[in-house]
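Written out below as structure tokens is the structure these notes cover.
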Amino acid sequence: MEVDYRQAFDLAPVGLCLSRNRGIVDCNQQLCEMFGWSRENLIGQSFLVLYPSADEYERLGARMAPILNAKGHYADDRIMKRASGDVFWCHVTGRALNREEPHEAGIWSFEDLSARRPVKAELTAREREVAARLLDGMTSKEIGKTLKISHRTVEIYRARLMRKFRANTTADLVHKLMAGG
């Protein structure tokens with residue numbers, strides 16, 4: 001039996017995307033359904049259309065580049081945006097085809113986590129970044145180093161998250177973030 005790679009790409013159980021310079025070169029049906037866009041509307045677009053804000057797009061791109069350069073791959077859980085404007089938790093994994101120029105070309109997978117982790121509270125871009133790192137089990141100092149902000153600033157964002165989610169402890173906050181509030 002001969003393998004039809006195009007059919008495998010199109011019918012994969014996760015969203016798949018081929019990129020060039022952070023633009024969408026090709027994508028499968030699962031990605032289109034997940035984000036609520038047609039394939040025709042996504043091809044040629046910047047990944048920016050999938051992010052809640054331009055700021056998050058820029059910051060995450062800058063943070064991913066050295067990791068892609070060093071390891072050749074990158075993965076995280078983050079909040080993304082559907083065509084409708086709704087936001088959702090998504091697991092994103094990618095591989096640079098050229099580690100020397102990590103954004104030059106890559107292949108990315110997207111898994112919708114909203115069934116397990118709904119987004120219920122309105123969060124700022126930085127709160128979403130801090131929340132994602134808390135879910136990874138990072139400390140305030142580790143989050144600060146990763147986001148290039150002070151650990152005291154991280155603690156301010158964590159306190160805001162705790163108020164928004166009515167959490168009494170960081171462990172309670174993580175539980176509520178995983179449950180969606």
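The residue among GLN30, TYR51, ALA12 whose Cα reaches farthest toward the positive pole of the charge dipole of the chain, with charges on the beta-carbon of Lys, Arg, Asp and Glu, is TYR51.
From Cα pairs below 8 angstrom and at least 6 apart in sequence, can you work out the relative contact order of the chain, rounded to a whole percent?
On the way: 304 pairs, mean separation 30.7, N = 181.
Here the relative contact order equals 17 percent.
Computed over protein heavy atoms with a 1.4 Å probe, the carbon and sulfur contribution to the accessible area of segment 28-126 reaches 49%.
Normalised by 2.2 N^0.38 Å, where N is the number of residues, the C-alpha radius of gyration of segment 37-92 stands at 1.21.
Dipole magnitude for the chain: about 1000 debye, using +1 per Lys or Arg Cβ and -1 per Asp or Glu Cβ, origin at the Cα centre. Hydrodynamic analysis of segment 100-181 uses the Kirkwood radius over alpha carbon pairs. Inserted into Stokes-Einstein at 37 °C and 0.692 mPa s, it gives a translational diffusion coefficient of 239 µm²/s.
With a cut-off of at most 16 other beta carbons within 10 Å, and DSSP calling the residue loop, which GluC sites (Glu not before Pro) in segment 1-67 qualify? Please list them.
Listed in order of number, the matching sites are GLU2.
In terms of its Cα atoms, segment 1-142 spans 51, 35, 28 Å along the principal axes, sorted from long to short. Using a probe of 1.4 angstrom and keeping all protein chains present, the accessible surface of segment 28-181 works out to 51 square angstrom per residue.
Close Lys pairs in the chain (alpha-carbon distance under 15 Å; sequence gap of 8 or more, or different chains): 4.
The values are calculated or read from the model by the stated rules, or taken from the named source; none is laboratory data. If you're wondering where the values come from, they're calculated on a predicted model, not measured in any experiment. Please note: Cβ atoms are built from the backbone with ideal geometry, for glycine as well, and neighbour counts cover all protein chains shown. SASA here: full protein model, heavy atoms, side chains in, ligands and nucleic acids out. Shrake-Rupley method; radii C 1.70, N 1.55, O 1.52, S 1.80 Å.
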